[in-house]
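K.L.:
Please read through the structure below; I'll follow up with questions.
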Amino acid sequence: MTKLTRTLLAFGAIAVLSLSGALPAAAQTTVQVTATWAAPSEGSPVEHYVFQLSTNGGPFTTVGTVSGTSYALELEIGQTYIARVAGVDSQGRQGSWSLPSDPYTPDVGPPGQPGKPIIM
């Protein structure tokens, strides 16, 4: 399992974004990851978060909203991603965007251990 943890600022407070997921076999082109962060400790309570990604240095695009402090997503192997989040309160007011994460590029890594040979 691969895990990446980054510190972000979400809705006026420090948050930690973690991307983690099992790396797939080499034939697959995507990996499932989960982004997590800490809720802010100041300002109005967050009703939901807006989660955005930048791919290969492009503009940030909203990929979803979530009421909790984690977001599951599928990333393409070999692409480079940067994430950010912002909290939205019950009145629809959005707080500041977090600091962007460091770039994250999913990779299948080296081959795993082969099975034990059997000599007959």
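Throughout, read-outs are computed from the coordinates displayed, never taken from laboratory work. Just so we're clear, the structure is a prediction, and the values are computed from it rather than from any experiment. Neighbour counts run over all protein chains shown; Cβ positions are idealised from the backbone, glycine included.
K.L.:
Set the Förster radius R0 to 25 Å, insert the Cβ-Cβ distance between MET120 and THR29 as r into 1/(1 + (r/R0)^6), and round the FRET efficiency to 0.05.
P.N.:
Numbers: r = 37 Å, r/R0 = 1.48.
The calculated FRET efficiency here is 0.10.
K.L.:
Report Rg(Cα)/(2.2 N^0.38 Å) for region 21-120, keeping two decimals. Let's see the in-between values first.
P.N.:
Details: Rg = 18.1 Å, N = 100, 2.2 N^0.38 = 12.7 Å.
Ratio of Rg to 2.2 N^0.38 Å for region 21-120: 1.43.
K.L.:
So if each residue of separation counts as 0.36 nm, and I subtract the Cα-Cα distance between THR80 and THR55, what length gain in nm does that give? List each step's numbers first, then the result.
P.N.:
On the way: separation 25, 0.36 × 25 = 9.00 nm, distance 0.57 nm.
Contour length minus the Cα-Cα distance gives 8.4 nm.
K.L.:
Given a Förster radius of 25 Å and the C-beta distance between HIS48 and SER96 as r, what FRET efficiency does 1/(1 + (r/R0)^6) yield to the nearest 0.05?
P.N.:
Details: r = 15 Å, r/R0 = 0.62.
For HIS48 and SER96, the calculated efficiency is 0.95.
K.L.:
If you count, for each residue, the other Cβ atoms within 10 Å and average over each peptide, how do 85-93, 29-37, 106-114 line up from highest to lowest? Please list the in-between numbers first.
P.N.:
Values: 85-93: 15.8, 29-37: 18.7, 106-114: 10.6.
Put in order of decreasing packing, that is 29-37, 85-93, 106-114.
K.L.:
So how far apart, in nm, are the two label points at VAL63 and SER41 if each is 7 Å from Cα heading toward Cβ?
P.N.:
2.9 nm
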